[in-house]
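To start, the structure itself, in structure tokens.
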Amino acid sequence: MSNDDLNIGDETFPISLGIIDDMRKTYNHKSFQFGETLTGFPYLPHIIANLHYSNVKSYEIQTNRGYGPIEKYFKVISVNELDDEA
């Protein structure tokens, strides 16, 4: 997964949990969350609709499922299959 080079239409997952400081326009990552109830991962991606929705950090990125800072959204860039014989 990566959050490099995110674009409108990308299927992403908001897996980073952190604290937003809107005064400084910063996001401080605390942990990752892969639970489907919070992030939709892996079955309900958040599709980016707008990369510059607001200057307020908590509404920076608009998706079809909500808003958040760009640092919280990650897209799948590679999938590795497990070898059943191992």
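Just so it is clear, none of the values below were taken in a lab; they were calculated from the coordinates. Since the structure is predicted, the reported quantities are computational estimates derived from the model, not experimental observations. Note that we place each Cβ from the backbone using ideal geometry, even for glycine, and neighbour counts take in every protein chain shown.
Which is exposed (fewer than 13 other Cβ atoms within 10 Å of the Cβ), on the phi < 0 side of the Ramachandran plot and part of a loop (DSSP other than H, G, I, E, B), of Ile77, Ile19?
After ruling out the rest, the residue left standing is Ile77.
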Those residues of region 41-51 which are assigned to a loop (DSSP other than H, G, I, E, B), touching a strand residue (DSSP E or B) at 6+ places or on another chain (Cβ under 8 Å) and either of a type in the set (A, V, I, L, M, F, W, C) or surrounded by fewer than 12 Cβ atoms within 10 Å (Cβ to Cβ) (or both), in sequence order: Phe41, Pro42, Leu51
Of residues in region 9-60 being hydrophobic (A, V, I, L, M, F, W, C) and touching a residue at least 40 places away in the same chain (Cβ under 8 Å), the one nearest to Val79 (Cα to Cα): Phe13
Any hit, region 22-40, residues being touching an Asp or Glu at 6+ places or on another chain (Cβ under 8 Å), assigned to a loop (DSSP other than H, G, I, E, B) and surrounded by 13 or more Cβ atoms within 10 Å (Cβ to Cβ): no
